[in-house]
Amino acid sequence: MKNYVGKKINTAIFISGTGTNMKNLIKFSNEKKSPISVKLVISSNKNAKGLIYASHKKIENYFFNFKNFKNTEKKILRILNKKKIKLICLAGFMRILSPNFIKHFKGIILNIHPSLLPKYKGLDTHKRALENREKFSGCTVHFVNSKLDSGKIILQKKIKIFKKDNMFTLKKRIQKEEYKLYPRAIKKVIN
Ligand code: GRF
């Protein structure tokens, strides 16, 4: 984003679940030197814990069930425009945004994925990596395009898979890295 000159970029975070990355990004945005300001949280899950946290932090937040996908995306685009959002961070968001949405959003969309893309796109990444006896896994922040987990890679962090690892331990170690990687990737894109 070339026209960033000291002013924080209005940012929206899209979630579907716990929202630990969301929480981490909100903390990051509250740092004095952070290039982003989180103004909006959108959830596709009514019971997402992240919504409670967003309300607690007085960040405008909405739940959409996406039953009428086209209509929902239209509504979201309107909110994004109104709030002058220039950056969307997907963080555990379990929907694939349509090409139409991506085309009409005038800004950047990023996603974090818990694998070393292009390996293990989609769900159950840790399970598949362990089943395939991979020696390494990690996480990736990438630009979002209309294909699942396929946009240009911004940053990746590689970690070793230990013999004693299971899905739970691997997920935990990778998430710890995600909390560092997402802010770094945002800085890289914005500065
Ligand atoms: C993260 O592992 C992220 O990589 C993936 O979904 C998970 C979301 O976790 N896209 P949380 O809701 O941020 O805790």
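The values are calculated or read from the model by the stated rules, or taken from the named source; none is laboratory data. Only a predicted model underlies this, so the values are computations on that prediction, with no experimental measurement involved. Reconstructed Cβ throughout: ideal geometry from the backbone, glycine too, with neighbour counts over all protein chains shown. All accessible areas refer to the heavy atoms of the entire protein, side chains included, with ligands and DNA or RNA removed. Shrake-Rupley method; radii C 1.70, N 1.55, O 1.52, S 1.80 Å.
Matching residues to (1) part of a loop (DSSP other than H, G, I, E, B); (2) under 18 Å from the mean Cα position of the chain (by Cα); (3) more than 12 Å from the ligand (Cβ to nearest atom):
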position: Asn100; (1), (2), (3): no, no, yes
position: Ile109; (1), (2), (3): no, yes, yes
position: Tyr120; (1), (2), (3): yes, yes, no
position: Ser137; (1), (2), (3): no, no, no
_Quick check on my filter: what residues within region 157-179 are open to solvent by 80 Å² or more (accessible area, probe 1.4 Å) and either of a type in the set (A, V, I, L, M) or within 13 Å of the ligand (Cβ to nearest atom) (or both)?_
Met167, Phe168, Lys171, Lys172, Lys176
*asked:* Just the residues that are of a type outside the set (S, T, N, Q) and within 17 Å of Phe93 (Cβ to Cβ), please, taken from region 22-35.
replied: Met22, Lys23, Leu25, Ile26
_Considering only residues that are open to solvent by less than 80 Å² (accessible area, probe 1.4 Å), part of a helix (DSSP H, G or I) and more than 16 Å from the ligand (Cβ to nearest atom), which ones fall in region 39-77?_
Ser55, Phe69, Asn71, Thr72, Glu73, Ile76, Leu77
*Output yes when any residue across region 11-29 is open to solvent by 30 Å² or more (accessible area, probe 1.4 Å), over 30 Å from Phe168 (Cβ atoms) and either touching a helix residue (DSSP H, G or I) at 6+ places or on another chain (Cβ under 6 Å) or part of a helix (DSSP H, G or I) (or both), and no when none is.*
no
*Sort out which residues of region 142-155 are crowded, with 17+ Cβ neighbours inside 10 Å and within 12 Å of the ligand (Cβ to nearest atom), and write them in order of number.*
His142, Val144, Asp149
*Could you tell me which numbered condition Ile85 fails, if it satisfies all but one of (1) part of a loop (DSSP other than H, G, I, E, B); (2) under 20 Å from Asn24 (Cβ atoms); (3) in contact (Cβ under 8 Å) with a residue 60 or more places away in the chain; (4) within 14 Å of the ligand (Cβ to nearest atom)?*
(4)
_Given the criteria closer than 25 Å to Asn191 by Cβ and buried (at least 20 other Cβ atoms within 10 Å of the Cβ), does Leu80 qualify?_
yes
*Report, ordered by the first and then the second residue, all pairs with beta carbons closer than 9 Å, sequence separation of six or more or different chains, a first member in region 101-114 that is over 16 Å from Leu148 (Cα atoms) and basic (Lys, Arg), and a second member that is open to solvent by less than 40 Å² (accessible area, probe 1.4 Å) and in a helix (DSSP H, G or I).*
Lys106/Leu80
